Amino acid sequence: DAKTTQPPSMDCAEGRAANLPCNHSTISGNEYVYWYRQIHSQGPQYIIHGLKNNETNEMASLIITEDRKSSTLILPHATLRDTAVYYCIVRVGQTGANNLFFGTGTRLTVIP
Amino acid sequence: GAGVSQSPSNKVTEKGKDVELRCDPISGHTALYWYRQSLGQGLEFLIYFQGNSAPDKSGLPSDRFSAERTGGSVSTLTIQRTQQEDSAVYLCASSLTGGAGYGYTFGSGTRLTVV
(Lines give C-alpha, C1' and ligand atoms only; values in the text may rest on other atoms or scores of the structure.)
Protein backbone atom coordinates (compact mmCIF):
# COMPACT_ATOMS: atom_id res chain seq x y z
CA ASP A 1 0.00 0.00 0.00
CA ALA A 2 1.12 3.54 -0.75
CA LYS A 3 2.57 5.60 2.07
CA THR A 4 1.09 8.88 3.18
CA THR A 5 2.61 12.06 4.58
CA GLN A 6 0.77 14.29 7.01
CA PRO A 7 1.81 17.24 9.14
CA PRO A 8 2.32 16.12 12.73
CA SER A 9 0.06 18.76 14.25
CA MET A 10 -2.37 21.56 13.43
CA ASP A 11 -4.49 24.05 15.34
CA CYS A 12 -7.90 25.33 14.33
CA ALA A 13 -10.19 27.91 15.92
CA GLU A 14 -13.54 26.63 17.09
CA GLY A 15 -16.24 27.22 14.48
CA ARG A 16 -13.79 27.58 11.62
CA ALA A 17 -13.11 25.04 8.91
CA ALA A 18 -10.29 22.60 9.60
CA ASN A 19 -8.39 21.58 6.48
CA LEU A 20 -6.13 18.58 6.99
CA PRO A 21 -3.75 17.80 4.13
CA CYS A 22 -2.34 14.45 3.10
CA ASN A 23 0.22 13.60 0.44
CA HIS A 24 0.12 10.21 -1.23
CA SER A 25 2.26 10.74 -4.31
CA THR A 26 2.82 7.02 -4.96
CA ILE A 27 -0.86 6.08 -4.88
CA SER A 28 -1.94 3.45 -7.38
CA GLY A 29 -5.03 3.56 -9.53
CA ASN A 30 -6.92 1.01 -7.44
CA GLU A 31 -6.06 2.46 -4.03
CA TYR A 32 -8.70 4.25 -2.01
CA VAL A 33 -8.05 7.13 0.38
CA TYR A 34 -9.45 6.58 3.88
CA TRP A 35 -9.61 8.99 6.78
CA TYR A 36 -9.98 7.93 10.40
CA ARG A 37 -9.64 9.84 13.62
CA GLN A 38 -8.77 8.80 17.14
CA ILE A 39 -10.03 10.76 20.09
CA HIS A 40 -8.01 10.33 23.26
CA SER A 41 -8.48 6.93 24.92
CA GLN A 42 -10.84 5.66 22.23
CA GLY A 43 -10.46 3.38 19.23
CA PRO A 44 -10.12 4.99 15.79
CA GLN A 45 -13.34 6.12 14.14
CA TYR A 46 -14.01 5.91 10.41
CA ILE A 47 -14.73 9.31 8.84
CA ILE A 48 -14.85 9.07 5.07
CA HIS A 49 -13.20 7.48 2.06
CA GLY A 50 -12.95 8.04 -1.67
CA LEU A 51 -11.29 6.86 -4.85
CA LYS A 52 -11.11 9.87 -7.19
CA ASN A 53 -14.27 11.91 -6.80
CA ASN A 54 -14.79 14.35 -3.98
CA GLU A 55 -16.96 12.94 -1.22
CA THR A 56 -19.12 14.48 1.49
CA ASN A 57 -20.96 13.00 4.42
CA GLU A 58 -22.39 14.23 7.70
CA MET A 59 -18.96 14.38 9.29
CA ALA A 60 -16.65 15.82 6.67
CA SER A 61 -15.72 16.41 3.05
CA LEU A 62 -12.88 14.76 1.19
CA ILE A 63 -11.24 16.61 -1.66
CA ILE A 64 -8.93 14.53 -3.86
CA THR A 65 -6.74 16.25 -6.43
CA GLU A 66 -7.17 15.30 -10.06
CA ASP A 67 -3.83 13.49 -10.15
CA ARG A 68 -4.79 11.78 -6.83
CA LYS A 69 -1.39 12.52 -5.34
CA SER A 70 -2.88 14.44 -2.44
CA SER A 71 -6.13 14.98 -0.61
CA THR A 72 -7.65 17.25 2.02
CA LEU A 73 -10.08 16.37 4.75
CA ILE A 74 -12.35 19.28 5.59
CA LEU A 75 -14.27 19.61 8.84
CA PRO A 76 -16.53 22.54 7.93
CA HIS A 77 -17.20 23.89 11.42
CA ALA A 78 -14.71 22.49 13.90
CA THR A 79 -15.84 21.93 17.48
CA LEU A 80 -13.82 21.15 20.60
CA ARG A 81 -14.91 17.52 20.26
CA ASP A 82 -13.07 17.32 16.95
CA THR A 83 -9.75 17.50 18.78
CA ALA A 84 -8.13 14.18 17.84
CA VAL A 85 -5.42 12.50 15.81
CA TYR A 86 -6.47 12.23 12.17
CA TYR A 87 -5.08 9.41 10.04
CA CYS A 88 -4.91 9.45 6.24
CA ILE A 89 -4.60 5.94 4.80
CA VAL A 90 -4.44 4.57 1.29
CA ARG A 91 -5.30 0.98 0.65
CA VAL A 92 -6.05 -1.29 -2.24
CA GLY A 93 -9.77 -1.82 -2.48
CA GLN A 94 -10.23 -5.55 -2.74
CA THR A 95 -11.57 -8.29 -0.56
CA GLY A 96 -8.78 -10.03 1.24
CA ALA A 97 -6.58 -6.98 1.68
CA ASN A 98 -5.10 -7.57 5.06
CA ASN A 99 -5.13 -4.39 7.03
CA LEU A 100 -5.04 -0.62 7.18
CA PHE A 101 -1.64 0.94 7.82
CA PHE A 102 -1.98 3.73 10.35
CA GLY A 103 0.92 6.15 10.34
CA THR A 104 1.42 8.82 12.98
CA GLY A 105 -1.36 11.06 11.70
CA THR A 106 -2.04 14.74 12.35
CA ARG A 107 -2.90 15.85 15.85
CA LEU A 108 -5.63 18.47 15.42
CA THR A 109 -6.28 20.78 18.34
CA VAL A 110 -9.43 22.87 18.19
CA ILE A 111 -8.95 26.04 20.18
CA PRO A 112 -11.85 27.80 21.91
CA GLY B 1 -24.40 -5.81 19.24
CA ALA B 2 -24.33 -2.24 18.06
CA GLY B 3 -20.56 -1.97 18.17
CA VAL B 4 -17.35 -3.90 18.65
CA SER B 5 -17.01 -5.00 22.25
CA GLN B 6 -13.70 -5.75 23.92
CA SER B 7 -13.00 -7.20 27.33
CA PRO B 8 -11.54 -6.58 29.75
CA SER B 9 -11.19 -2.83 29.33
CA ASN B 10 -8.14 -2.85 31.60
CA LYS B 11 -5.80 -5.65 32.58
CA VAL B 12 -2.81 -5.53 34.90
CA THR B 13 -0.70 -8.65 34.94
CA GLU B 14 2.62 -9.77 36.31
CA LYS B 15 5.54 -10.37 34.00
CA GLY B 16 5.60 -13.98 32.86
CA LYS B 17 1.88 -14.59 33.18
CA ASP B 18 -0.42 -15.42 30.26
CA VAL B 19 -3.32 -13.14 29.31
CA GLU B 20 -6.36 -13.51 27.10
CA LEU B 21 -8.08 -10.57 25.45
CA ARG B 22 -11.53 -10.93 23.96
CA CYS B 23 -13.21 -9.23 21.00
CA ASP B 24 -16.88 -9.46 20.03
CA PRO B 25 -17.24 -8.04 16.51
CA ILE B 26 -20.36 -6.55 15.00
CA SER B 27 -22.76 -9.32 14.06
CA GLY B 28 -22.39 -10.29 10.43
CA HIS B 29 -18.96 -8.74 9.97
CA THR B 30 -16.73 -11.28 8.30
CA ALA B 31 -13.43 -9.44 8.73
CA LEU B 32 -11.76 -8.99 12.12
CA TYR B 33 -8.47 -7.25 12.90
CA TRP B 34 -6.24 -6.91 15.94
CA TYR B 35 -3.96 -3.91 16.39
CA ARG B 36 -1.94 -2.64 19.30
CA GLN B 37 -0.99 0.89 20.22
CA SER B 38 1.86 1.71 22.55
CA LEU B 39 1.79 4.98 24.46
CA GLY B 40 2.04 7.91 22.08
CA GLN B 41 2.52 5.69 19.05
CA GLY B 42 0.49 4.81 15.98
CA LEU B 43 -1.38 1.56 15.50
CA GLU B 44 0.58 -1.63 14.84
CA PHE B 45 -1.19 -4.35 12.87
CA LEU B 46 -1.13 -7.78 14.50
CA ILE B 47 -3.48 -10.23 12.80
CA TYR B 48 -6.43 -10.37 10.40
CA PHE B 49 -9.26 -12.89 10.04
CA GLN B 50 -11.46 -13.02 6.94
CA GLY B 51 -14.30 -15.49 6.93
CA ASN B 52 -13.08 -19.08 6.88
CA SER B 53 -9.74 -18.24 5.29
CA ALA B 54 -6.45 -18.82 7.06
CA PRO B 55 -5.64 -15.73 9.14
CA ASP B 56 -2.94 -13.28 8.16
CA LYS B 57 -0.55 -13.50 11.11
CA SER B 58 2.19 -11.40 9.55
CA GLY B 59 2.01 -8.71 12.22
CA LEU B 60 2.38 -10.87 15.30
CA PRO B 61 5.62 -9.73 17.00
CA SER B 62 6.65 -13.09 18.44
CA ASP B 63 5.50 -16.67 18.93
CA ARG B 64 4.23 -15.66 22.36
CA PHE B 65 1.30 -14.04 20.57
CA SER B 66 -1.55 -16.06 19.09
CA ALA B 67 -5.17 -15.47 18.18
CA GLU B 68 -8.16 -17.47 17.22
CA ARG B 69 -11.62 -16.75 15.98
CA THR B 70 -14.28 -19.28 16.83
CA GLY B 71 -17.31 -19.78 14.62
CA GLY B 72 -16.42 -16.75 12.56
CA SER B 73 -17.43 -14.45 15.39
CA VAL B 74 -15.68 -13.94 18.74
CA SER B 75 -11.90 -13.65 18.72
CA THR B 76 -9.38 -14.17 21.49
CA LEU B 77 -5.85 -12.77 21.47
CA THR B 78 -3.51 -14.68 23.78
CA ILE B 79 -0.16 -13.43 24.99
CA GLN B 80 1.97 -16.02 26.75
CA ARG B 81 4.75 -15.22 29.22
CA THR B 82 4.00 -11.51 29.09
CA GLN B 83 6.86 -9.02 29.03
CA GLN B 84 6.87 -5.36 30.01
CA GLU B 85 7.19 -4.33 26.36
CA ASP B 86 3.81 -5.98 25.75
CA SER B 87 2.17 -3.12 27.68
CA ALA B 88 -0.11 -1.31 25.23
CA VAL B 89 -3.71 -0.78 24.24
CA TYR B 90 -4.92 -3.72 22.17
CA LEU B 91 -7.59 -2.71 19.67
CA CYS B 92 -9.96 -4.94 17.75
CA ALA B 93 -11.85 -3.88 14.63
CA SER B 94 -14.35 -5.54 12.36
CA SER B 95 -15.69 -4.77 8.92
CA LEU B 96 -18.47 -6.18 6.81
CA THR B 97 -15.95 -7.53 4.33
CA GLY B 98 -12.28 -6.88 3.72
CA GLY B 99 -13.09 -4.68 0.74
CA ALA B 100 -12.60 -0.95 0.46
CA GLY B 101 -16.30 -0.18 0.39
CA TYR B 102 -16.68 -0.68 4.11
CA GLY B 103 -14.85 1.10 6.87
CA TYR B 104 -13.57 -0.51 10.00
CA THR B 105 -15.40 -0.23 13.31
CA PHE B 106 -13.04 -0.29 16.26
CA GLY B 107 -13.68 -1.28 19.83
CA SER B 108 -12.51 0.84 22.75
CA GLY B 109 -9.56 -1.44 23.35
CA THR B 110 -8.02 -3.35 26.23
CA ARG B 111 -5.31 -1.48 28.13
CA LEU B 112 -2.72 -4.08 29.13
CA THR B 113 -0.14 -3.22 31.76
CA VAL B 114 2.59 -5.72 32.53
CA VAL B 115 4.30 -5.06 35.86
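With 10 Å bins from zero, work out the P(r) of chain A over every alpha carbon pair and list the percent per bin.
15, 50, 30, 6, 0
Can you give the FRET efficiency for A:Ala13 and A:Asp67, using 1/(1 + (r/R0)^6), R0 = 35 Å, r = Cβ-Cβ distance, to the nearest 0.05?
Values: r = 31 Å, r/R0 = 0.89.
Computed FRET efficiency for A:Ala13 and A:Asp67 comes out at 0.65.
With every protein chain present, what is the per residue accessible area of the protein assembly as shown (1.4 Å probe, Å²)?
I get 49 Å² per residue for the protein assembly as shown.
When N is the residue count of chain B, what does its C-alpha Rg come to as a fraction of 2.2 N^0.38 Å?
Relative to the rule-of-thumb radius for its length, chain B sits at 1.00.
Expressed in nm to one decimal, what extension gain is obtained for the pair B:Thr113 and B:Thr76 from 0.36 nm per residue of sequence separation less their Cα-Cα distance?
11.6 nm
Taking accessible area as the heavy-atom solvent-accessible surface of the protein chains with a 1.4 Å probe, which residues of the stretch B:26-67 lose no less than 50 Å² upon going from the isolated chain to the full protein assembly?
B:Leu43
Magnitude of the Cβ-charge dipole of chain A, K/R +1 and D/E -1, about the Cα centre, nearest 20 debye?
On the way: 9 positive and 9 negative charges, 34 e Å.
That gives chain A a dipole magnitude of about 160 debye.
Once neighbouring chains are kept in place and the probe is 1.4 Å, which whole percent of the accessible area of chain A is contributed by carbon and sulfur?
On chain A, the fraction of accessible area on carbon and sulfur atoms equals 49 percent.
Say R0 is 22 Å: what FRET efficiency, to the nearest 0.05, do B:Glu14 and B:Asp63 get from their beta-carbon distance?
0.60
Which distance in nm do the two modelled labels at A:Thr26 and A:Asn57 give, with both placed 7 Å along the Cα-to-Cβ direction?
With each label point 7 Å from Cα toward Cβ, the separation is 2.8 nm.
Work out how much length A:Thr5 to A:Thr79 would gain on full extension: take 0.36 nm times their residue separation and subtract the Cα-Cα distance, in nm to one decimal.
Answer, rounded to one decimal: 24.2 nm.
For the stretch B:1-104, with all protein chains present and a 1.4 Å probe, just round the carbon and sulfur fraction of the accessible area to a whole percent.
Ligands and nucleic acids excluded, carbon and sulfur reach 45 percent.
Quick check for me: using +1 on Lys/Arg Cβ and -1 on Asp/Glu Cβ, what's the dipole size of the stretch B:12-111 about its Cα centre, in debye to the nearest 20? If you can, show how the numbers build up before the last one.
Working: 9 positive and 10 negative charges, 13 e Å.
Using only the charged Cβ atoms, the result is roughly 60 debye.
The values are calculated or read from the model by the stated rules, or taken from the named source; none is laboratory data. Owing to the predicted nature of the structure, the values given are computational and were not obtained by experimental measurement. For neighbour counting, all protein chains shown are included, and Cβ atoms are generated from backbone atoms with ideal geometry for every residue, glycine included. Just the protein is used for accessible areas: all its heavy atoms, side chains included, with ligands, DNA and RNA removed. Shrake-Rupley method; radii C 1.70, N 1.55, O 1.52, S 1.80 Å.
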